[in-house]
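Right, one structure below, let's go through it.
The values are calculated or read from the model by the stated rules, or taken from the named source; none is laboratory data. Not measured: the values here are computed from a predicted model. With ideal geometry, Cβ positions are generated from the backbone for all residues, glycine too; neighbour counts draw on all protein chains shown. These accessible areas exclude ligands, DNA and RNA; they are computed on the full protein's heavy atoms, side chains included. Shrake-Rupley method; radii C 1.70, N 1.55, O 1.52, S 1.80 Å.
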Amino acid sequence: MSTTQIDRLRELLEPLAAKRGMDLEGVKITPAGRRRVLQVVVDTDKGVGLDACAELSRAASEALDESDLMGGAPYVLEVTSPGAERPLTEPRHYRRSVGRLVRLRLTGGGELAARLVAVDDTGLDLEIPGEKGRKGTARRVDLAEVASARVEVEFSRRPADDESTKEA
């Protein structure tokens, strides 16, 4: 069974990311003029900062230079974290998105926009926003019912109702 270039790159890069407490979320090569862009996407439960990306970039660059995986053609290495509206495809993605607004496309048809309240091995606990200021309703969705899911960007999210935000 032959492996693709992406598979071989994942084999090289995954241990480098894991050593730094990161999950390798994706590897992609795209043409960019006369060169290529090798995009390496990593994440952690607490997100990934610029310093962590830079550290992994240096280690990956060294490892790539020692291998012949990218061949002789020029390329640009880009180490990044997932975007704000990242697709949720793994249980860890859902776990990292608790508290966020998500949009789900269900296998039985239809879409659902709701706040992700909790996640376990079998499903998601959601809060569907109420209409015009009314209280939201709780809903449980099994992971098997989710065809696709994505985090929604919120620009005017209300702060959490906790003791640190209440006035005396």
Q. If a residue has to be without any contact (Cβ under 8 Å) to a residue 24 or more places away in the chain and either open to solvent by less than 40 Å² (accessible area, probe 1.4 Å) or not hydrophobic (A, V, I, L, M, F, W, C) (or both) to count, how many in segment 42-61 make the cut?
A. 7
Q: Examine segment 62-73 for a residue that is among the small types (Gly, Ala, Ser), without any contact (Cβ under 8 Å) to a residue 40 or more places away in the chain and within 25 Å of LYS19 (Cβ to Cβ), and state whether such a residue exists.
A: no
**Q.** Every pair of residues 6+ apart whose Cβ atoms lie under 6 Å, when the first sits in segment 122-148 and is under 17 Å from PRO87 (Cα atoms) while the second is acidic (Asp, Glu)
**A.** GLY123/ASP142
(Q) Please go through segment 83-101 and give me each residue that is surrounded by 20 or more Cβ atoms within 10 Å (Cβ to Cβ) and aliphatic (A, V, I, L, M), ordered by number. (A) LEU88
(Q) Take the residues in segment 120-168 that are of a type in the set (Asp, Glu) and at pLDDT below 90; name whichever of them is least open to solvent (accessible area, probe 1.4 Å). (A) GLU152
Q.
I'm trying to understand the selection: among the residues of segment 108-119, which are surrounded by 12 or more Cβ atoms within 10 Å (Cβ to Cβ) and in contact with an Asp or Glu (Cβ under 9 Å, 6 or more places away or on another chain)?
A. ALA113, ALA114, ARG115, LEU116, VAL117, ALA118, VAL119
Q: Scan segment 14-33 for residues that are of a type in the set (A, V, I, L, M), closer than 20 Å to PRO87 by Cβ and surrounded by 16 or more Cβ atoms within 10 Å (Cβ to Cβ) and jot them down.
A: ALA17, MET22, LEU24, VAL27
